[in-house]
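Values quoted throughout were computed directly from the atomic coordinates according to the rules given, and no laboratory measurement underlies them. Because the structure is predicted, anything quoted here is derived from the model rather than measured. Heads up, the Cβs are rebuilt from the backbone with ideal geometry, glycines too, and the neighbour counts pull from every protein chain shown.
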Amino acid sequence: MSSRRAFRFWCTLESMPLPIRRIEPDIVVLEFASIPPGQLLEKEIRRLLERGDKKIILDLAGVKLINSDGVANIVFCLPAVKRAGGQLRIAGASRRVRKDFETTKLDALFPFDADVEAACQALRK
């Protein structure tokens, strides 16, 4: 792929809206097949927080692999959520994906739930 084509593809990804599903009036789920590139995830989280959505679940059930950039993209979202008084949970992460968080000790920053329903239950408490 030429660098010009790669650049166009990257710009397209950077402006793509992320798939969001509202579970309850105050709980939203972002579903992924892979972690969004660059600051797309952080921008989307900030947009949700500005709308008043403070209970956010990242559904990683479709994510097979995650690299350090993907982990970092998720970690960078946490300060904005905490400043807004929100909660961020990770749902459906495979053992392999969770291991990448555990290896870096970043699993201590996030509550992990088996699936979206378990995350919703925890947020309802």
Report task. Please state, to two decimals, what the Cα-based radius of gyration of the stretch 18-124 comes to when divided by 2.2 N^0.38 Å (N = residues). Result -> 0.96
**Report entry** Most positive-pole-ward Cα, 27, 75, 61, against dipole of the stretch 18-124 from beta carbon charges
**Finding:** 75
Requested in this report: Identify the trypsin sites (Lys or Arg not before Pro) of the stretch 11-98 meeting these criteria: DSSP loop state and at most 11 other C-beta atoms within 10 Å of the C-beta.
Outcome: 51, 64
Report task. Starting from the amide H of residue 87, placed 1.01 Å from N in the peptide plane, find each other amide H under 5 Å away whose residue is 5 or more places distant or on another chain. Result -> 55, 56
